[in-house]
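Q: There's a structure below that I have some questions on.
The values are calculated or read from the model by the stated rules, or taken from the named source; none is laboratory data. The structure presented is a predicted model; accordingly, all values stated were derived computationally and were not measured. Cβ coordinates were reconstructed from backbone atoms using ideal geometry, including for glycine residues, and neighbour counts include every protein chain displayed. The accessibility values were calculated without ligands, DNA or RNA, using every heavy atom of the protein model including side chains. Shrake-Rupley method; radii C 1.70, N 1.55, O 1.52, S 1.80 Å.
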Amino acid sequence: MSERFPGIEWYCDRCNACLSDQPGFDDHKYTWKCKECGYKNSISRDDIVESEEEFKNYKKCK
C-alpha cells in the first residue's frame, strides 16, 4: 500500500520522536500512538507544516 502523504516525515507532538520510523507506522490511520511516550498523535493534512517557523507556531496552538 502506498503512503497517503508521500515524502512527509511524521513526528510526535509530545516527545518529537520520528513516528514514520516506528514499526507498523501507517499514515492511512488517522491517529498514531507514539511507541516512545504513548502520546496519541493526529495524522492528517491539517498536521503537515512546511517550515521550521510554521512548526513553532503550530506547536504554540496545540
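Q: Going by accessible area, probe 1.4 Å, with all protein chains left in place, what is the ranking of Y11, Y30, Y39, largest first? Spell out each step's value before the answer.
A: Numbers: Y11 105, Y30 155, Y39 70 Å².
Output order, biggest surface exposure first: Y30, Y11, Y39.
Q: Protein chains only, probe 1.4 Å: how do S44, S2 rank by accessible area, largest first?
A: On the way: S44 30, S2 90 Å².
Highest to lowest solvent-accessible surface, that is S2, S44.
Q: If you don't mind, there's one more thing I want to ask. Could you give the radius of gyration (one decimal) and Dmax (whole number) of the Cα atoms in the range 11-50, in Å?
A: Both quantities, over Cα of the range 11-50: 9.3, 25 Å.
Q: Considering only protein heavy atoms, what is the solvent-accessible area of K35 at a probe of 1.4 Å, reported in Å² to the nearest 10?
A: 120 Å²
Q: By accessible area of protein heavy atoms, probe 1.4 Å, what ranking do R4, R45 get, highest first?
A: Numbers: R4 70, R45 165 Å².
Result of the area sort, largest leading: R45, R4.
Q: Note down the net charge around H28, summing +1 for each Lys or Arg and -1 for each Asp or Glu among other residues with Cβ under 9 Å from its Cβ. Let's see the in-between values first.
A: Values: positive: R4, K29; negative: E3, D26, D27.
For residues surrounding H28, the net value is -1.
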